[in-house]
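The values are calculated or read from the model by the stated rules, or taken from the named source; none is laboratory data. The structure presented is a predicted model; accordingly, all values stated were derived computationally and were not measured. Don't worry about glycine lacking a Cβ; one is built from the backbone with ideal geometry, like all the others, and counts go over all protein chains shown. For accessibility, only protein heavy atoms count, side chains too; no ligands or nucleic acids. Shrake-Rupley method; radii C 1.70, N 1.55, O 1.52, S 1.80 Å.
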Amino acid sequence: MSGAPARTLLLWCPDWPVLAAEIVDGVPATDPVAVLHANRVVACSERARAEGVRRGLRRREAQGRCPQLTVVDHDPARDARAFEPVVAAVEEVVAGVEVIRPGACALAARGPSRYLGGEEAAAERIVEHVAQTCAVESQVGIADGVFAAGLAARDGRIVAPGGTPEFLAGLPVEALGRPTLTDLLRRLGVRTLGDFAALPAGDVLARFGFDGALAHRLAAGRDHRPLAVRQPPADLTVTADHDEPIDRVDAAAFAARTLAEQLHERLAAHGLACTRLGIEAVTAHGQELHRVWRHDGLLTAAAIADRVRWQLDGWLSGSNGRGGARPARPTAGIIRLRLVPDGVLAQAGLQPGLWGETGEERERAHRALSRVQGILGPEAVVTAVLGGGRSPADQVRLVPWGDERLPARPGPPPLPTAEPPPPAAAPERAVSTRSRASASAPVPPWPGRIPPPAPAVVLSTPLPAAVHDAAGEPVVVSARLAVSAAPARLTVGAGRAAEITGWVGPWPVDERWWAPAEARRRARFQVCLADGAALLLAVEGGRWLVEAIYD
């Protein structure tokens, strides 16, 4: 790599995690505040430092030095969200900003210095604009390279062109931000960046590896990493104002289609497609309505129009489409309608799968089902989404076609390890076999769930049943999960008794025991009948129920 590092201007907001906690969570940054990660202080306020709190201290030691310390958990997402307005404010003055981390951003110093009257004038202008726009204090450092500019920003310093190696030489090796390497260099007698930069590059690479060689280049002021400037996000929102308030569904549908086509054309001009759509409306009385629609594919113009029409129909008619409680209808017609593409990606972002999961056949099915939804409503076509749960009914959730397919409960079905065989081949003494297998098998994400295979039909309302042993006595399960006798006959409802040829269980479930009103305690069995049918039974409160049927 040849050539000198580019002149870089870096804006730094001191104690940014503390300021982010104040901006987002309302924690006063003027109080003694410490941000902790892994039980250690990663940032603290100025008042906390005055009490002796330092980065790297353990929680107990920090609270011992400052008993009135307010502790906040480290949240990188919170820091990034709070820093976005600061970056936007910098972009209002200059272009080509790169976010180094939450609390620091950099840009090439040449452009601002030329049209703002020099580097010092550019730094003052940016700091002043950030303070006026975001009420955030910041410091600017200018040097050759991002690394040196970041260190110069700590003192609000402008390093003269070509003076970066001399500026870095007197700084301690801790400025590299590599604790392991710093500790080793200290023990070897290398205490400043100048001492480290004086070592032969080949010896540094051989002794400290690639990361040490990179740190050696930084210490010598040879930072050649180019700035990866971010592009300001394009304004993709479309808005329509109506002089006459819209209070009829047919008029709303016409407005929705026109606005949807405008949004689709704007997205297409940027090579984007929408996967999550925000619909906002304002009534003549100032009431604001907002809803977000998700989609697992790419929303076409027709799909956007359908979802806007469905939402406007729900708002204007005051119906949720299921015959339940009706939400309050707006007190006036809609005078402003806005579509916000809340989730976008490049149109090439969804590639056809190797086995056709997002190919032409799926697209044809999607168009057909979307037309059905357009006629009958969004919930007329639903698909099943598998998730976690102990009973078969808990593991399936029905979502409207096109909506985001997220499971209602975490945890995919666990793979079978040492589980018992299916009921068709289960011997009568499978209870003891199950116990021995469970002792060595790993605990699945949902303890108590039945093993594969999954039943083919899950009854929405379980059927009452009776289970008897060979002597005709009812089979009962004790609190310790002891089965009184081997199940021999099953009677479902008022039907005839059927012989049980194989069974396995019990699988106990004790859910929500901490909430007496919601607690459920039951045990499940898989049984195989003489006619070849296989059922999933559950016993709860001494009553037997048929929950599902196997194919």
(request) Calculate, for ALA494 and ARG276, the FRET efficiency according to 1/(1 + (r/R0)^6) with r their C-beta to C-beta distance and R0 56 Å; round to the nearest 0.05. (result) 0.60
(request) Measure off 7 Å from each Cα along the Cα-to-Cβ vector at ASP155 and ARG125, then give the distance between these two points in nanometres to one decimal. (result) 2.7 nm
(request) Give me the percent of the accessible area of the range 64-166 that comes from carbon and sulfur atoms, probe 1.4 Å, all protein chains in place. (result) 49 percent
(request) State, to one decimal in nm, how far the label point of ARG65 lies from the label point of ALA50, with both points 7 Å from Cα in the Cβ direction. (result) 1.5 nm
(message) I'd like to check one number: the per residue accessible area of the range 1-160, probe 1.4 Å, reported in Å² as a whole number.
(response) 49 Å²
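Once you sort the root eigenvalues of the Cα gyration tensor of the range 90-129 as a ≥ b ≥ c, which label holds: rounded (a/c under 1.5), prolate (a/b larger than b/c) or oblate (the other case)?
prolate
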(request) Describe numerically, in nm with one decimal, the distance between label points set 7 Å from Cα along Cα→Cβ at VAL292 and at GLU92. (result) 2.6 nm
(request) Pick out, from ALA488, TYR550, ALA530, the residue whose Cα sits farthest towards the positive end of the charge dipole of the range 455-551, with +1 on the Cβ of Lys and Arg and -1 on the Cβ of Asp and Glu. (result) ALA488
(message) Please list, ordered by chain and number, the residues whose modelled amide H lies under 5 Å from the amide H of CYS105; skip anything fewer than 5 residues away on the same chain.
(response) LEU11, ILE100
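Label the range 46-185 by shape, choosing from rounded, prolate and oblate, from the square roots a ≥ b ≥ c of the eigenvalues of the Cα gyration tensor; if a/c is under 1.5 it is rounded, and otherwise prolate applies when a/b is larger than b/c, oblate when it is not.
Working: a/c = 2.25, a/b = 1.36, b/c = 1.65.
In terms of gyration-tensor shape, oblate.
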(message) Just to verify a number: FRET efficiency for LEU398 and GLU540, C-beta to C-beta distance, R0 = 25 Å, to 0.05?
(response) 0.50
(message) What is the distance in Å between the Cα centroid of the range 301-315 and that of the range 34-55?
(response) 50 Å
(message) Give me the 1.4 Å probe accessible area per residue for the range 195-285, excluding ligands and nucleic acids, in Å².
(response) 56 Å²
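Accessible area per residue, 1.4 Å probe, Å², for the range 462-537: what's the number? Working shown, then result.
Details: 4030 Å² over 76 residues.
That works out to 53 Å² for each residue.
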(request) Provide the per-residue ³J(HN,Hα) series for the range 206-218, in order, calculated from phi with Karplus coefficients 6.51, -1.76, 1.60 and θ = phi - 60°, each as a whole number of Hz, with x at glycine and proline positions. (result) 5, 8, 10, x, 5, 5, x, 5, 5, 4, 5, 5, 5
